[in-house]
1. Limited to the range 77-91, what total is found for residues that are surrounded by 22 or more Cβ atoms within 10 Å (Cβ to Cβ) and in contact with a Phe, Trp or Tyr (Cβ under 6 Å, 6 or more places away or on another chain)?
2. Return yes when residue 354 is closer than 22 Å to residue 122 by Cβ and in the same structural domain as residue 114 (by TED's automatic domain parsing) and no when it is not.
3. Looking only at the range 60-69, count how many residues are buried (at least 17 other Cβ atoms within 10 Å of the Cβ) and either farther than 28 Å from residue 346 by Cα or of a type in the set (Gly, Ala, Ser) (or both).
4. For the range 257-367, which helices (runs of 4 or more DSSP H) that fit wholly inside it have 1 or more residues that are more than 27 Å from residue 80 (Cβ to Cβ) and among the small types (Gly, Ala, Ser)?
5. Please return the ranges of strands (runs of 3 or more DSSP E) entirely within the range 18-94 where 2 or more residues are over 19 Å from residue 353 (Cβ atoms) and of a type in the set (Ser, Thr, Tyr).
6. State whether one or more residues within the range 122-136 are in contact with a Pro (Cβ under 7 Å, 6 or more places away or on another chain), more than 17 Å from residue 330 (Cβ to Cβ) and at pLDDT 95 or above.
7. Take residue 123 and decide whether it is surrounded by fewer than 16 Cβ atoms within 10 Å (Cβ to Cβ) and in the same structural domain as residue 354 (by TED's automatic domain parsing).
8. Can you confirm whether residue 141 is under 26 Å from residue 31 (Cα atoms) and part of a helix (DSSP H, G or I)?
Amino acid sequence: MTAFPYYGPADIDALNMQAVTLLKLFKAKGYDRQEPSVLQPAALFLDRSGEEIRRRTFTLTDPSGSDLALRPDLTIPIAKRVVESGPHFPARISYNGPVFRHESKGGKPVQFFQAGVELFGEADKAKGDAEILTLAVEALRAAGCTDFTIRMGDLGLFGALVDALQLPEHWRSRLKRHFWRAGYVETLLDRIGHGDETSHLPQDEKDIAALLETQGDAPLAGRTRAEVITRARAEAAEVLKLDGNVAGAITRLLDISAPIAQALADIRALLKTAGINLDAGLAAVEARVALLQKLGVDRIDFNAHFGRSMEYYTGFVFELRSKYGVELAGGGRYDNLLELLGASAPVTAVGCAIHTERLLATVKGAA
């Protein structure tokens, strides 16, 4: 991926032809296309995407002083439009267009194309998950890619595990909110499992502020210095002691990453040892596996700590990868997003995005 790449005539024609194929499939399945503006209010993404996307969002200020962003994602602006327009549910929406992000290393801005689908307001969550997962598989095959693997995870499974524990509500929320951050949950569990809590954090506001001096006056990943100080003081005041065996069980669960049959066997054995029943969540995973096998997909991995980089995901998540290990598509369930964007009542949501340039390169390489 290069910074703002040049697309020659052949590249444009190939991408357009692929887009026509994908959008035709989406339309046949009842998904109507939308095209959100490239320029969006910066707060729309900085407040709701998670630390990873906040760091990679390309922001600017217009002449009136308003903070804007080049869209790093299409799901959020589409969800916002759904909230504002108040459509009848279920609502099926497709899209195709460029998104913009800073490279994770080096900070250079990049542009790449995404096509995808979003399903809002389907009351039967299992049915919605199956519809999106099926459409993702069909989309890659329609574009000419037949050799791929699937990696799955389920934030809802981790959430159910946390809810089964005797923890204060704010701690359950904190563990689930930061589930996707590599190493964060394990470190936190190790501390509270040993009674270390947050004693390593400075409690005096001046001490906390001193730690931020090297950061300058810019907001930190979308938060001001004052907000960081307030949050750090609250964390420093927290006290919690979690049974070390329980903390260890959660950590071992998050370490599970294996072909699906082995992963499910490992999870069941661990839960049995810990005396925790998550049969409903595991049954949902098994139903998705059965669906994929019916679709002719048999290379399926499960990673218990797979949460992707978007903080708004709440349940089932997945990636489709080429035989070379390149992510071609990914998505999942994000049932809380529309309420965060102003919906007056909960709205179920699940979707998938396809990295169309990677998909095209994969198909060309296989030809």
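The values are calculated or read from the model by the stated rules, or taken from the named source; none is laboratory data. In this text the structure is predicted, and so the values were computed from the model without any measurement. Cβ placement follows ideal geometry from the backbone for every residue including glycine, while neighbour counts extend to all protein chains displayed.
1. Adding up the residues that qualify gives 1.
2. So residue 354 fits the description; yes.
3. First pass over the range 60-69, keeping only residues buried (at least 17 other Cβ atoms within 10 Å of the Cβ): 68-69.
Right, trim to either farther than 28 Å from residue 346 by Cα or of a type in the set (Gly, Ala, Ser) (or both) and you get 69.
Of the residues in the range 60-69, 1 are buried (at least 17 other Cβ atoms within 10 Å of the Cβ) and either farther than 28 Å from residue 346 by Cα or of a type in the set (Gly, Ala, Ser) (or both).
4. 260-274, 279-294, 356-366
5. Output list reads 58-61.
6. Yes, the range 122-136 contains a residue that is in contact with a Pro (Cβ under 7 Å, 6 or more places away or on another chain), more than 17 Å from residue 330 (Cβ to Cβ) and at pLDDT 95 or above.
7. Details: surrounded by fewer than 16 Cβ atoms within 10 Å (Cβ to Cβ): yes; in the same structural domain as residue 354 (by TED's automatic domain parsing): yes.
The answer is yes for residue 123.
8. Answer is yes for this residue.
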